[in-house]
Amino acid sequence: MTDSWRSYDALPLFSPTAVARRNDPATSHAAAMMAGGVRADHIKRILAALRLGPASKDEIGARANLIGHAVGKRLPELQRAGLIETTGANRRSASGRPEREWRLRG
């Protein structure tokens, strides 16, 4: 992808405001506000990791210096936004289980 990070920053994914449901308690809304910047940072790091080529969730995590759980939470969001896609191939996870391989779309 040749887009600059500035164009990504305009996407709703990079909003510093995280989402909490209307009926969530005030503590959940406060936690969402604090987590929004972390979420945007993780997304940027995941996209940067995928610029190096296709990778599994664990491989993306290693490239981005994120735990697999953090990566796994963001991959569906990025896929829905049309920024990434699966390749159809599988790779082995750190635990030996098959994981989908992801790549930048476009």
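Listed values, structure above:
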{"item": "Approximate spin-label separation ALA26-HIS69, in nm, with each point projected 7 Å along Cα-to-Cβ", "result": "2.8"}
{"item": "In Å², nearest 10: area of VAL38 left accessible to a 1.4 Å probe", "result": "80"}
{"item": "Placed amide H near LEU66: partners under 5 Å, 5+ positions off or other chain", "result": "none"}
{"item": "LEU104 - accessible surface, heavy atoms, 1.4 Å probe, Å² rounded to 10", "result": "30"}
{"item": "Relative contact order (%) - criterion: Cα under 8 Å, at least six apart; region: segment 66-106", "result": "33"}
{"item": "Linear extension gain, ARG97 paired with ALA62, 0.36 nm per residue minus alpha-carbon span", "result": "10.9 nm"}
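The values are calculated or read from the model by the stated rules, or taken from the named source; none is laboratory data. Quick caveat: nothing in here was measured; it's all calculated off a predicted structure. We place every Cβ from the backbone using ideal geometry, glycine too, and count neighbours over all the protein chains shown. The accessibility values were calculated without ligands, DNA or RNA, using every heavy atom of the protein model including side chains. Shrake-Rupley method; radii C 1.70, N 1.55, O 1.52, S 1.80 Å.
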